Each structure stands twice: as C-alpha cells, then as structure tokens.
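Here the structure is laid out as structure tokens; the discussion comes afterwards.
The values are calculated or read from the model by the stated rules, or taken from the named source; none is laboratory data. The shown structure was predicted, so the numbers you read here are calculated from the model rather than taken from an experiment. Neighbour counts are summed over all protein chains in view; Cβ atoms, including those assigned to glycine, are modelled from backbone coordinates with ideal geometry. Side chains are part of the model used for accessible areas, which takes the heavy atoms of the whole protein and leaves out ligands, DNA and RNA. Shrake-Rupley method; radii C 1.70, N 1.55, O 1.52, S 1.80 Å.
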Amino acid sequence: MVDVYARHNIKIVGDGPTILLVHGFGCDQNLWRPVADRLESDFRLVLIDLVGSGSSDPRAWDPTKYASLSGYAADILEIVDELDLRDVVFVGHSVSAMIGALATIEDPRRFAKLVLLTPSPCYIDDDDYRGGFSRADIDDLLESLEQNFLGWSRAMAPVIMGTPDRPDLQDELADTFCRNDPEHARVFARATFLSDNRSDLSRISLPTLVIECRQDAIAPREVGAYVHTHIAGSELITLDAIGHCPHVSAAADTAEAISTFALAP
C-alpha cells in the first residue's frame, strides 16, 4: 500500500474549517492556487492530486479501478478517513463535482457541505436533457485524445479555459494537461465523458452549492439548472465569467462564493 499522502501528493495549508479542493480531468491541485491563496487565511485547505493526475504516485494507478468514477470516490473516502477529517466542505471542479457527490452519498458522515464547481452529471444530450455534446461529439473527442494526447491538449485548452484575452491561462492549462500520462488520461477521459450520474443527484443529502459560469462550452447553463433542480434545497450561483475553469479565470468571485457558503450556518 502506498502512503495516502504520497499517493495523492497531499498538501495542507491554512487553519480553520476544512475545505477539500479536488481538481477536474487533466488538471492537478496547482490550478487551485488562485483560490487557495484567497481562502487559506480563513480555512484549512486540503489539496490533492487524483491518482493518475499531477504528482500522484504512479504506483497507485489501477486501470480497472479508475475506469469508473466510483474508484475516485472511494479514494476520497479513504483520504478523509486516513486524515481523520471532519465537517469537510468538499469542493469539486468539473468531473470531481460528481466524484464528490458519489463519495458523500456513499458515506456523508465526515462531510458538512458540498460545492459543485461547473459540474456535469452527463455530458451527452439525451432526449430533453442537454449535456452539451452528442454521442458522436464525445466519440470524436475520445478518439482525438487517444490518437494524439499532446495535440488534443493544446487544441482543447483554449476551448475549456475560454479566455482568449488571457493566453497565459490557456497555456497553463495546456501545460497541465500535457504533464499527464496519456494512458492514464485515456482511462480517466472515458470515465469522465461517458459517465451518467443524473440519477444520483436526488440522493445527495448535504447542503449543496452549484457554481456555474455565464458561458461554458463544456457545461452549458442548462446543465447547471438541471443539477440545481435535481438536488433538493441546493443553491445556484452564476458567475459573470466565461469558461469552464472559473477557479483560474475568475478566482476572486469563485473564492468568495465558496467562502460565503462554507461559513454560512
């Protein structure tokens, strides 16, 4: 067994109520830096790299376990247990919003609240549901990723970041993508873009905040509205931001939304 700290490259900063920050597909904990810098004076922040991403221990990789989001959710529960974390505010970006949802559904005892940042329970359009992509779109995306991961990363980063006026942010995201092992990324991509967690939303029992952007090519606003509608008692905030990574491109507004929700009684 690989030590949980090494396995997930765990970093802990700050003091106060505990927030667990979990990155999305192709990313790592470093992309939380603009938000973490704003939160660490008021919160204890736990930052991790999901197995197969960032500086996680490559010895922990298991292509069977991580072929579904439940494998990553199991890791979240192990982390909060091994670190003896309590009353955790889980903040998950993109696919990790659903990873957090699955973890807290499985065992909500160590969690206090759930923040879903640009979430999507299903990326594929289905009858009246608009996920933003057709099945053919997703198949093309996955084929492109598998054939030329570095090329895919450079092409997709500007679309995902959505900040043509900030090429530095697009380059940072592309560089983060490119540091991932292509085989790990292929497995994680299939788990991400072929998942359908719509039926799980009604099972979420924690106070939940949904944060969406005014314009997002990956998770359009119809998705945010769907998630909000299907999680009883949830709150929805629409940031005046463009792109799928507001924790990078609109860090001040994202940090404020997280902080206000986390501190609310």
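Hey, which of the helices (runs of 4 or more DSSP H) in segment 128-193, taking only ones fully inside, have at least 1 residues that are without any contact (Cβ under 8 Å) to a residue 40 or more places away in the chain and in contact with a Pro (Cβ under 7 Å, 6 or more places away or on another chain)?
In segment 128-193, 149-161, 167-178 are the helices (runs of 4 or more DSSP H) which contain 1 or more residues that are without any contact (Cβ under 8 Å) to a residue 40 or more places away in the chain and in contact with a Pro (Cβ under 7 Å, 6 or more places away or on another chain).
Considering only segment 46-68, I want to know if a residue exists there that is in contact with a helix residue (DSSP H, G or I) (Cβ under 9 Å, 6 or more places away or on another chain), of a type in the set (Lys, Arg) and within 22 Å of PRO246 (Cβ to Cβ).
No: segment 46-68 contains no residue that is in contact with a helix residue (DSSP H, G or I) (Cβ under 9 Å, 6 or more places away or on another chain), of a type in the set (Lys, Arg) and within 22 Å of PRO246 (Cβ to Cβ).
In this structure, does ILE19 turn out to be open to solvent by 20 Å² or more (accessible area, probe 1.4 Å) and either touching a residue at least 24 places away in the same chain (Cβ under 8 Å) or closer than 25 Å to HIS184 by Cα (or both)?
Answer is no for this residue.
One residue is enough: does segment 194-216 have a residue meeting the conditions open to solvent by 70 Å² or more (accessible area, probe 1.4 Å), polar (S, T, N, Q) and assigned to a strand (DSSP E or B)?
yes
Going through segment 110-121 one residue at a time, which ones are over 20 Å from VAL4 (Cα atoms) and either open to solvent by 10 Å² or more (accessible area, probe 1.4 Å) or in a helix (DSSP H, G or I) (or both)?
ALA112, LYS113, listed by residue number.
For segment 161-184: of the residues being in contact with an Asp or Glu (Cβ under 9 Å, 6 or more places away or on another chain) and not hydroxyl-bearing (Ser, Thr, Tyr), which is most open to solvent (accessible area, probe 1.4 Å)?
If we take residues in segment 161-184 being in contact with an Asp or Glu (Cβ under 9 Å, 6 or more places away or on another chain) and not hydroxyl-bearing (Ser, Thr, Tyr), then ARG179 is most open to solvent (accessible area, probe 1.4 Å).
If HIS247 passes every condition in (1) in contact with a Phe, Trp or Tyr (Cβ under 9 Å, 6 or more places away or on another chain); (2) at positive phi but one, which one does it miss?
Result: HIS247 passes all but (2).
Restricting the first residue to segment 70-89 and requiring it to be free of Cβ contacts under 8 Å to residues at least 24 places away in the same chain and open to solvent by less than 10 Å² (accessible area, probe 1.4 Å), which pairs with a second residue that is among the polar types (S, T, N, Q) and assigned to a helix (DSSP H, G or I) meet a Cβ separation below 7 Å and a spacing of at least six or different chains?
Nothing qualifies.
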